[in-house]
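Notes follow the structure.
Read-outs: derived from the displayed coordinates by stated rules, not from any lab. All figures in this text were calculated on a predicted structure; none of them were measured in a lab. As a convention, Cβ positions derive from the backbone with ideal geometry for all residues, glycine included, and neighbour counts pool all protein chains shown.
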Amino acid sequence: MGSESWVPVPEGSHFPIQNLPYGVFAGAGEPPRVGVAIGEHVLDLAAAAAHGLLTGAAPRGTGPGPDVRWFVAGSLNRFMAAGPGAWQQTRARVTELLSDARQRRSLEPHLIPRHTVRLRLPFEVADYVDFYSSRDHAATVGSIFRPEAPGLPRNWLHLPVGYHGRAGSVVVSGTPVVRPGGQRWPPGAFAPVFGPTERLDFEAEVGFVIGVPSRPGEPVTAAEFRRHVFGFVLVNDWSARDIQAFESQPLGPFLGKSFATSVSPWVVPVAALEAARVPPPSQDPEPLPYLRCQEPWGLDLALEIAINGQVMSRPPFRSMYWTAPQQLAHATVNGAPVRTGDLFASGTVSGPEPAERGCLLEISWDGSRPLSLPDGTTRSYLLDGDSVRITATAPGAGGARIGFGAVEGTVRPTSAV
């Protein structure tokens, strides 16, 4: 497969030919369909398949073939469910088309400038699980709330801690986030009050999405990760810290997190991240056998977080203690099945340094040490009108640099009464 594309790719683009992430897009008045990002363009896979340009397209006159059905859908779910063989074949064919200049004449009509289309939620979310897999994040949060106790809960080094979120609240990047209301117990108050959160936060995370489902009662092992996982996205797990603090005992997050979770519009295939794989941090004590993974599944992703266009943190994903295959193995070890469109998020990505923390809870030490932004303003937590943008890049094949695009959201005033 070629390493360069005849489609112009600007220097520093997140979407060289080594990436080829999938998304769902639509022009004005058009139905949504599946495309691939290349440089500043989107390749319309529905149109390419309909014209017989993709492997597996039906012969003329026989009706739509499987490729057409996968790509005319308003989500990636049909394609994701088709499995690794279909993913590999499609990626190889798209790479061939975009790297062979002889294909330009037939393919160019199906390349659409990205700025002219609207990107949609890329997949229908079947279920949503959020983990707590950064040791630096967990230790810092422990120091904030339990300064006299051990930084990590007793179970943390033995299993990937997580909770079930609300799939219906997962939204695509760019969707406004309305400040949620709920019960909170202000300091010094004699009883809880209801009202808009005063401690709205972001959480910079990375998630993976399931393509091929599993059957109930049959755990998915860490070694089977590639058989089931389609790709990775960026995640912002918006959090209302004051609501979360009051409600979380004893069962954990509920309304403090269920109001919105944003994901990036492009799904980076697992195959595009092979060059980004690195050994994860050493795990001591050694995990139980079902959590052991023979392959190195740390990922060398460099995240960047900006508030109102001002960069304020750069968390390193390669330091995450629990890896994606371990998370999947743990989530299914009790026999729970996975479904096409299940989203698993990593939990807040944080490093050991203050400039590597992945949420305002850590950065501002729960509001007691306000963050100073380059424009001279300060933040303990997010204000109405604030925009949060999270990006990530990674090593790609052949020394290229690939990226996830961005997950963005702007805070709107509360609708709570």
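Can you put Trp156, Trp70, Trp322, Trp185 in order, fewest other beta carbons within 10 Å first? Show your work: numbers first, answer last.
On the way: Trp156 19, Trp70 24, Trp322 27, Trp185 15.
In order of increasing Cβ crowding within 10 Å: Trp185, Trp156, Trp70, Trp322.
Working from label points 7 Å from Cα in the Cα-to-Cβ sense, the Tyr290 to Glu198 distance is 4.4 nm. Against the chain, whose longest principal axis comes from its Cα atoms, helix 84-99 is set at around 70 degrees. Net charge dipole, the chain: roughly 820 debye, given to the nearest 20, about the Cα centre with Cβ charges of +1 for Lys and Arg and -1 for Asp and Glu.
Among Met320, Met80, what is the fewest-to-most ranking by other Cβ atoms within 10 Å?
Final ranking by Cβ density, sparse to dense: Met80, Met320.
Site pair Gln88 and Leu159 shows an inter-label distance of 3.4 nm when each label is modelled 7 Å from Cα along Cα→Cβ. Computed over segment 22-119, the percent of Cα pairs more than 24 Å apart is 15. If you plug the beta carbon distance of Thr116 and Thr414 into 1/(1 + (r/R0)^6) with R0 = 60 Å, you get a FRET efficiency near 0.95. For the chain, the alpha carbon convex hull comes to 154 Å³ per residue, rounded to a whole number.
Give the residues of segment 160-175 whose amide nitrogen is closer than 15 Å to a point set 7 Å from the Cα of Arg339 in the direction of its Cβ. The answer is 165-170, whose backbone nitrogens lie closer than 15 Å to the label point.
Please arrange His110, His137 by counting, for each residue, the other beta carbons lying within 10 Å of its beta carbon, fewest first.
Numbers: His110 20, His137 28.
Going from sparsest to densest Cβ surroundings: His110, His137.
Along segment 159-164 the Karplus relation, 6.51 cos²θ - 1.76 cosθ + 1.60 evaluated at θ = phi - 60°, assigns HN-Hα couplings of 7, x, 5, x, 8, 8 Hz to successive residues, with x for each Gly and Pro.
The amide H of His41, built 1.01 Å from its N in the peptide plane, has Arg114 as neighbours under 5 Å, considering only residues 5 or more places off or on other chains.
Assuming 0.36 nm per residue, please report the length gained on full extension of the stretch Val311 to Thr377 beyond their Cα-Cα distance. Walk me through the intermediate numbers first.
Numbers: separation 66, 0.36 × 66 = 23.76 nm, distance 1.32 nm.
Roughly 22.4 nm would be gained on extension.
In segment 131-239, which trypsin sites (Lys or Arg not before Pro) are in a loop and have at most 14 other Cβ atoms within 10 Å, using DSSP for the loop call? Could you put the intermediate results ahead of the total?
Numbers: sites: Arg135, Arg154, Arg166, Arg184, Arg199, Arg226, Arg227; in loops: Arg154, Arg166, Arg199.
Here the trypsin sites (Lys or Arg not before Pro) that fit, given the DSSP loop and packing criteria, are Arg154.
How far is helix 135-145 tilted off the main Cα axis of the chain, in degrees rounded to 10, range 0 to 90? It works out to around 30 degrees.
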